Amino acid sequence: MINEIIRNIIRFILLVLVQALIIKNIELGRFINPFIYVLFIIVLPFETPKWLLLVSAFVLGISIDMFYDTAGMHAAATVFMAYIRPGVLKLFSPRDGYEFGTQPTVQYLGIPWFLSYASILVVLHHLVLFYIEMFRFSEFFSTFFRVIVSSIFTIVLVIISQYLFNRKSEKE
Amino acid sequence: MRNLVIFIWKHNFFFLFLIIETICVSLVVQNNFYQKASFVNSSNAASTTVLQTSAAIEEYFYLKSENENLAKENAELRSQLLASKFIVTTDTIHVNKPSIHQKFIYTAAKVVNNSTSRRNNYLTLNKGLNQGVRKNMAVICSNGVVGQVQEVSDNFCTIMSLLHSKTTISAKIKKDGSYGPLVWNGESYDYATLNDIPTHVKLVKGDTIATSPYSLTFPENILIGTVESFERESGKYFYTVKVKLTTDFKKLTHVYVVTNMFKEEQEALELKTEKETKE
């Protein structure tokens, strides 16, 4: 349990640093802004208390806001995503529920399950984020295009990270 | 009352979400509409230490081009020295000896954080209140304009870049002085749009665009860019000019913060005039 907490804290710090120092500086054109840091919320264990889910989403969003100078935008989107998460998990739950002690990752539940689960969360997060950033509907379609393209890139990064970092525990 | 408490407790997840989300949105609104000082920006201690280290490493990659720029600028400044000017002496008597006052002071600063890919872009510089930087001062680099100071902490300041939806700079066509507002439409980081140039002006591709003399923050004749193309919308008597920016926002490392010594005096006078006319 303690081990799990420490692992999540390390993952938190790593994701914030990767987002702020690497991905922020990669310019893929004005329409593509992947936000890999949402991976933290996606793979939190099933037993995470709901209040902790919201609070950690808030802390995560605020830390990203500090680097992006966007006061509250990332926090709002991430908290919204965390709020939706239990509902999405319920929607996709297997007939006899999730096994205790497992995490919503590719290795436990397979690629099709993970892809649909992660995509919904990522798209919702990006939707909230980009529309809050615009704060008006005059550029509705170009913003929507940004949401779609950026979501695709984020999902690809999320999937890649799953295969890069979870190999060790697969052998266990 | 008891029922209300039970109701809230039953749906505690939803209410906690509501509270946190309200905090977030109020942060966003505060920052967007009132431009108030907010603690969540990149001029606070936690993020600046990380960003500074990263900027220090990044700087090495641009050393060569930056050196070339500095050398070029040195040469230019040298040519402006009084010693390198030709002084014509005449035999007339000066009735009014012109006295020279310092109007603009330039403070060199280093960019520690920068963005170009978003609709609203910001920069962070390593100069702040302690070095005399105040809100709304102009920021330029050796190639052109950069933006305006937005928030200041003790040792850092954040800059609202020219690449921001709320930035408007008073610009002019250098050859004849006709001026208009320059804005960024968000399409590409090296083009901006200059509006309201009357159609009688004979524009040519490559004409120089510089800051106009009517700006309170920017000194006159700071380079902005060159005319790339221009068009007149049907029924309007103004050109919309596409401007190629001379500042390379992707490579900014050293910039100057410009202090206008007479800004307060001029502002106060103009405000007073407006008030008196109203009464």
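The values are calculated or read from the model by the stated rules, or taken from the named source; none is laboratory data. Here the structure is a predicted model, which means the values were calculated and not measured. For neighbour counting, all protein chains shown are included, and Cβ atoms are generated from backbone atoms with ideal geometry for every residue, glycine included. Heavy atoms of the whole protein, side chains included, go into the accessibility calculation; ligands, DNA and RNA do not. Shrake-Rupley method; radii C 1.70, N 1.55, O 1.52, S 1.80 Å.
Overview of results
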{"quantity": "Violating pairs (Cα-Cα greater than 29 angstrom) within the set B:236/B:272; B:127/B:263; B:166/B:242", "calculated": "B:236/B:272"}
{"quantity": "Residue-level accessible surface for residue B:4, protein heavy atoms, 1.4 Å, Å²", "calculated": "90"}
{"quantity": "Solvent-accessible surface ranking, highest first, for B:267, A:133 at 1.4 angstrom", "calculated": "B:267, A:133"}
{"quantity": "Efficiency of FRET between residue B:68 and residue B:232 - r from beta-carbon atoms, R0 41 angstrom, step 0.05", "calculated": "0.55"}
{"quantity": "Per DSSP, loop chymotrypsin sites (Phe, Trp or Tyr not before Pro) in region A:1-42 with at most 16 further Cβ within 10 Å", "calculated": "A:31"}
{"quantity": "Chain A: relative contact order in percent, alpha carbon pairs under 8 Å with at least 6 residues between", "calculated": "26"}
{"quantity": "Assigned charges on the beta-carbon of Lys, Arg, Asp, Glu; chain B dipole about Cα centre (debye)", "calculated": "320"}
{"quantity": "Value of [θ]222 nm, deg cm²/dmol, for chain B, DSSP H segments ≥ 4, -39500 (n - 2.57) each, nearest 500", "calculated": "-9500 deg cm²/dmol"}
{"quantity": "Heavy-atom accessible surface of region B:139-279: percent carbon and sulfur, 1.4 Å", "calculated": "50"}
{"quantity": "Inter-chain shielding of A:73-81 (mean C-beta neighbours from other protein chains, 10 Å cut-off)", "calculated": "5"}
{"quantity": "Residue B:264 versus residue B:214: modelled label distance in nm, points set 7 Å from Cα along the beta carbon direction", "calculated": "2.7"}
{"quantity": "Shielding by partners, peptide A:139-151 (average Cβ within 10 angstrom, other chains)", "calculated": "1"}
{"quantity": "Segment residue B:251-residue B:60, length gained on full extension (0.36 nm per residue, minus Cα span)", "calculated": "67.6 nm"}
{"quantity": "Helix A:140-165 axis, angle to chain A major axis (alpha carbon atoms, nearest 10°)", "calculated": "30"}
{"quantity": "Per-residue mean of C-beta atoms belonging to partner chains within 10 Å, peptide B:117-123", "calculated": "5"}
{"quantity": "Largest to smallest accessible area among B:207, B:248 [probe 1.4 Å]", "calculated": "B:248, B:207"}
{"quantity": "Cross-link table B:135/B:175; B:64/B:110; B:110/B:250, entries beyond 20 Å C-alpha to C-alpha", "calculated": "B:135/B:175"}
{"quantity": "Angle in degrees between helix A:2-17 and the longest Cα principal axis of chain A, rounded to the nearest 10", "calculated": "20"}
{"quantity": "Accessible area in the full protein assembly, largest first, 1.4 Å probe, for B:135, B:244", "calculated": "B:135, B:244"}
{"quantity": "About the Cα centre, charge dipole magnitude for region A:2-171 (Lys/Arg +1, Asp/Glu -1 at Cβ), debye", "calculated": "200"}
{"quantity": "For the protein assembly as shown, with +1 on Lys and Arg beta carbons and -1 on Asp and Glu, the positive-most of A:145, B:112, B:238 along the dipole", "calculated": "A:145"}
{"quantity": "Choice from A:57, A:76, A:118 with maximal GNM fluctuation in chain A (Cα, 10 Å cutoff)", "calculated": "A:76"}
{"quantity": "Accessible surface, region A:2-171, averaged per residue in Å² (probe 1.4 Å)", "calculated": "47"}
{"quantity": "Estimated buried accessible area (total), pair B and A, 1.4 Å, Å² to nearest 100", "calculated": "3300"}
{"quantity": "Environment charge at residue A:18 (Cβ cut-off 12 Å; Lys +1, Arg +1, Asp -1, Glu -1)", "calculated": "+2"}
{"quantity": "Per-residue [θ]222 nm for chain A (sum of -39500 (n - 2.57) over DSSP H runs n ≥ 4, rounded to 500)", "calculated": "-22000 deg cm²/dmol"}
{"quantity": "Mean Kyte hydropathy of 0.5 or more with a Cα span along the axis of at least 24 Å, helices from DSSP in chain B", "calculated": "B:12-33"}
{"quantity": "Calculated FRET efficiency for the pair residue A:99/residue B:105, C-beta based, R₀ 60 Å, to 0.05", "calculated": "0.35"}
{"quantity": "Surface accessible to a 1.4 Å probe, residue B:277 within the full protein complex, Å²", "calculated": "110"}
{"quantity": "Ordering of A:44-50, B:253-259 by packing [mean C-beta count within 10 Å, highest first]", "calculated": "B:253-259, A:44-50"}
{"quantity": "Solvent accessible area, Å² - residue A:7, 1.4 Å probe, full protein context", "calculated": "100"}
